[in-house]
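In what follows, a structure is listed as structure tokens, so that the remarks can point back to it.
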Amino acid sequence: MSQITLSTLDGAKAEGRRFAMLTAYDASFAQAAARSGIETLLIGDSLGMVAQGHGSTLPVTMADMAYHTACVARGVESCEQRPLLVADLPFAAANTSVDAAANAARLMQAGANAIKIEGGAWLAETVRHLSERGIPVCAHLGLTPQSADMLGGYRLQGRDEAAAARIRADAALLEEAGARLVLLECVPSGLGEAVTQAARVPVIGIGAGPATDAQVLVMHDMLGVTSGRKARFVKDYLAGRGGISDAFRAFAEEVRSGAYPAPEHCYGA
């Protein structure tokens, strides 16, 4: 058995090898994703919407995140290749650096290998605080669903030069503070490329164009089981395939080859 680590992902970036990330919330789907070659799994607070039926991620608690992280960790224990597990700190769990450290430790003890936090420059002190205590951080920039109300809803971010410059600066600052990964959501492709080229750490995109080091999708979205309006970057990988594992493998293969995202899944230039 082998474990995908942050060093594995650093090596992939250095060698120009793209890797895939999917959300996972339970043992069975986590195991299926791992056995289909998915290198990284995100235990996302998106579970509030796709698993719990809420209208946003805000109601998700630390207890929810710890429970689902433990489920996913147990699911991949016996896999030949164990994915790197990244778990979300939910809404208001990182209001102070001390709170963030205590809550992140809880998720690491549940089985996470890294912690994802939404926010920009204001999080630099928290990222540094966590990094100094041995807690790897994935910084989430662009569209940050926990603050969607402040952003005017689920909208494209970084559309003008001032907004794009702010995202580029935030990415650099959080990397300097110790972030080991950057997740960039719903920004123009050109901005996704600029952040990826400037970053020394792997950049994971969702609606951030084809140039990022990795791509992530919400599992329910890529299996075509979510209702309502679909984001432009969503592709249904189950359609026309024999089963869920086939869909997972197709996603991983298209990310590695660069076939996904295609132009129709991207924003701007």
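Every number in this text was worked out from the coordinates using simple rules, so none of it is lab data. The shown structure was predicted, so the numbers you read here are calculated from the model rather than taken from an experiment. Cβ placement follows ideal geometry from the backbone for every residue including glycine, while neighbour counts extend to all protein chains displayed.
List of remarks:
- Electrostatic tally near ASP64: other residues with Cβ closer than 14 Å to its Cβ, Lys and Arg +1, Asp and Glu -1, net -2.
- With bins 10 Å wide beginning at 0, the percent of Cα pairs of the stretch 85-177 falling in each bin runs 17, 48, 29, 6, 0.
- Sorted by Cβ density within 10 Å, fewest first, the residues SER7, SER227, SER97, SER46: SER227, SER7, SER97, SER46
- For the chain, the relative contact order is 18 percent, taking Cα pairs closer than 8 Å that sit 6 or more residues apart in sequence and dividing their mean separation by the residue count.
- Packing, as the average of other Cβ atoms within 10 Å across residues, places the peptides 100-110, 236-246 in the order 100-110, 236-246, highest first.
- Across the stretch 1-128, the volume of the C-alpha convex hull divided among the residues equals 114 Å³ per residue.
- A cut-off under 12 angstrom between Cβ atoms defines the neighbours of ASP45, and their net charge, with Lys, Arg +1 and Asp, Glu -1, is -2.
- Cβ-based exposure ranking for HIS140, HIS68, in which fewest neighbours within 10 Å come first: HIS68, HIS140
- Under 12 Å, Cβ to Cβ, from THR5 - net charge with Lys/Arg +1 and Asp/Glu -1: 0
- For the stretch 16-159, a simple Cβ point-charge model (Lys and Arg +1, Asp and Glu -1, everything else neutral) yields a dipole of about 360 debye relative to the Cα centre.
- Prolate/oblate/rounded label for the chain (Cα gyration tensor, a/c 1.5): rounded
- Cβ charges +1 (Lys, Arg) and -1 (Asp, Glu), total dipole of the stretch 2-265, debye: 260 debye
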